[in-house]
1. How would you order 294-305, 66-77, 587-598, 361-372 from highest to lowest mean count of nearby Cβ atoms within 10 Å?
2. Placing one identical point scatterer on every Cα of the stretch 376-452 and ignoring solvent, what is log10 I(q)/I(0) from the Debye formula at q = 0.20, 0.26 Å⁻¹?
3. Relative contact order for the stretch 103-248: what percent, with Cα pairs under 8 Å and sequence separation of 6 or more?
4. For Arg98, Arg446, give the ranking by accessible area with the largest first, probe 1.4 Å.
5. I need the Kirkwood Rh of the stretch 127-218: take the reciprocal of the average 1/r across all distinct C-alpha pairs and report it in angstrom.
6. Return the tail of the calculated pair distribution for the stretch 192-309, meaning the percent of Cα-Cα pairs more than 21 Å apart.
7. Would you mind calculating the gained length between Asp332 and Ser434 on full extension (0.36 nm times residue separation, minus the Cα-Cα distance), in nm to one decimal?
8. For Thr174, Thr167, give the ranking by accessible area with the largest first, probe 1.4 Å.
Amino acid sequence: MEGNSLSTPAIQDTITDTPGGNLNLNATTTDTEQNISSPDNGDENQNPIQKQKRARTLVAWSEFKEVVLLNGTKKVECIHCKVKLCIHAIRSTTQFNRHLSWCLRRKASMRQQHISFLIAVVEEEGLNNMMKYGIPGWTPVSRHTCKKDCMMVYESEKAKLKTLLKTVTKISLTTDLWNSGNQKMEYMVLTGHWIDSSWRLNRPILNFVCLPPPQTGIAIADGIFKCLMGWGIENKVYTIYVDNALSNDVAIKVLKENFEVSGKLLCGGKLFHVRCCAHILNLIVQDGLHQIRHIIDDIYESVLYINSSESRLKVFPRVKERDINYHNNPSDEDWEKVEKVCEVLKVFNGSTKLISGSDYPTSNLFLKEVCAVKCMLDSKSESEDDFIRVIVRKMKHKFDKYWGECNMLMSVAAILDPRLKMRVIQWAFPKMYSEAEGREHMMMVRDALYELYGEYVQANQGVTIARASTSQRDGHGAIGEVAAVEGAEAWDDFTTFLDVVETVEPSQSELDCYLGEGCHKCVGDHDSFDALQWWKANSTKFPVLSTMAREILAIPITMVASESAFSAGSRVIDSYRASLSPATVEMLLCGCDWCRTLNEVKKGCRKEEDEDHLEIQLPILSGDGSQQIG
């Protein structure tokens with residue numbers, strides 16, 4: 001019996017069918033293995049009667065190899081992290097599987113080898129089934145075809161925009177930088193602003209390009225200039241709007257020096273560099289809110305706590321009466337401080353509505369709002385309340401840092417509003433400056449206004465003389481030939497003749513006539529007045545001044561147009577599209593913006609009454625103890 005037991009392998013295999021059709025092996029092995037890593041455990045000298053050992057099919061065996069230590073002990077070693085494990089007598093793989101579940105090197109290797117991507121939307125089965133249901137002849141479209149079609153649209157619209165820019169005389173720019181967290185790359189957006197001959201505002205995204213590090217001022221200036229040369233508008237730049245970063249100041253200084261060499265800057269470059277009004281106002285408000293940041297955090301947590309359940313909302317009056325307390329319940333003193341700060345910041349509501357409420361606020365609308373902010377800061381900085389005085393003085397310091405000198409562009413643009421004219425300067429400057437400073441700044445604005453108008457007159461005379469000389473050269477000045485022209489063409493020729501003989505500006509210029517007339521009285525809603533439409537209607541009366549107004553009113557006071565591109569950029573470059581090339585990103589963002597303009601679709605257009613606002617109504621105890629809704 002012993003001999004028989006020695007010659008018979010001690011292997012018991014149980015094979016059962018699983019419901020899925022697979023085999024379930026439950027084997028118990030007691031034989032000594034020759035090599036764990038090799039499926040062939042046989043030997044030429046092996047007893048032919050003895051049953052050969054079964055090959056190892058479990059995944060765990062393929063990720064370990066047998067090694068022999070110096071003391072002769074056999075172990076298995078993980079091929080990823082080189083950790084050595086013992087070989088159990090029953091040849092169990094439980095410890096192997098446990099090790100593989102937490103092996104960091106194996107997980108890193110698996111992530112590199114197996115990257116799972118979501119399929120493109122156009123290739124999803126559900127979408128194609130829906131399209132087939134609605135369109136029986138629907139043919140599925142691959143993502144490669146979509147990319148090719150998008151690129152064709154992008155190139156077509158880019159060619160149209162380039163042709164349109166050839167007709168533009170002056171263009172204003174806004175630019176900003178944005179860091180893509182998913183790609184770890186820095187992008188620069190460049191947006192153009194101008195009013196065309198139909199008096200329609202245009203603000204397309206010109207470029208959305210990757211800016212390699214380091215993002216120094218010289219690198220930013222070089223990137224902007226390359227974009228301008230690509231569009232052929234390097235000699236048409238009027239102003240550039242940037243935020244208050246130091247690198248942007250260096251970039252604008254470099255660009256200004258380059259443009260001054262070519263002599264293309266109007267008014268001696270006084271209007272070339274303009275700081276973003278919205279950015280400055282935001283800095284001022286942040287300085288005020290920073291003093292009560294801890295109180296705001298407590299109030300925020302309180303609102304979340306109370307609104308998290310209906311029962312807490314019902315006991316809110318008891319919270320106010322201090323019958324119920326919790327760790328971040330603001331004190332009465334904290335509520336009073338918040339109320340005081342909100343009263344100070346109330347004046348910024350006008351600027352906020354102006355920036356966010358209008359689809360495209362023109363530059364003539366901002367001076368009055370800035371004047372209101374300045375008056376509030378001057379008044380509250382001398383408040384008897386120590387808490388308010390400290391806060392407002394810090395805000396006033398920030399305001400004076402950027403508006404200590406008169407903002408030339410904002411003032412000139414306000415004068416070109418027919419409702420305001422020079423009256424707005426006479427009203428605003430005494431409120432913003434001392435009497436001596438107000439007079440000085442008023443003269444600066446008036447001199448700059450007339451200097452700018454004189455340059456437009458010169459440019460217009462050059463065009464008129466060139467056109468008239470061409471007409472004389474073609475007609476040789478012969479009276480007989482003029483007499484031969486009949487109908488409307490004869491009057492056109494007479495108009496050209498008047499342009500030649502009356503090139504000398506009359507004693508009272510268009511600007512003098514405009515300022516000498518009374519301010520325009522609005523009929524109906526004062527806020528609905530459109531300065532562009534007024535200048536369009538009076539372009540015949542003020543041909544030169546209307547051209548000047550058209551180009552100045554197109555200058556943006558904020559960088560909202562450029563910064564809005566970043567919200568779209570974060571959606572395009574999400575975690576699943578982090579591998580998009582910069583050229584593809586620019587194609588998607590610019591092409592989408594141009595197509596939206598082509599189809600007159602406003603970005604994020606939604607009626608105010610349809611917006612879904614979260615409003616929390618808290619029950620408040622009145623003086624007599626009854627509940628009211630506040």
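The values are calculated or read from the model by the stated rules, or taken from the named source; none is laboratory data. Not measured: the values here are computed from a predicted model. Virtual Cβ from ideal backbone geometry, glycine too; neighbours counted across all protein chains shown. With ligands, DNA and RNA removed, areas are computed over all heavy atoms of the protein, side chains included. Shrake-Rupley method; radii C 1.70, N 1.55, O 1.52, S 1.80 Å.
1. Details: 294-305: 14.2, 66-77: 11.8, 587-598: 18.6, 361-372: 22.0.
Highest mean packing first, the order is 361-372, 587-598, 294-305, 66-77.
2. These q points yield log10 I(q)/I(0) values of -0.88, -1.17.
3. Working: 142 pairs, mean separation 27.8, N = 146.
Dividing the mean separation by the residue count of the stretch 103-248 yields 19 percent.
4. On the way: Arg98 135, Arg446 90 Å².
Sorted descending by solvent-accessible area, the residues read Arg98, Arg446.
5. Numbers: mean 1/r = 0.0589 Å⁻¹.
17.0 Å is the Kirkwood radius here.
6. Details: 3860 of 6903 pairs.
For the stretch 192-309, the fraction of Cα-Cα distances above 21 Å is 56 percent.
7. Details: separation 102, 0.36 × 102 = 36.72 nm, distance 3.96 nm.
That works out to 32.8 nm of additional length.
8. Values: Thr174 0, Thr167 100 Å².
The most accessible residue leads, giving Thr167, Thr174.
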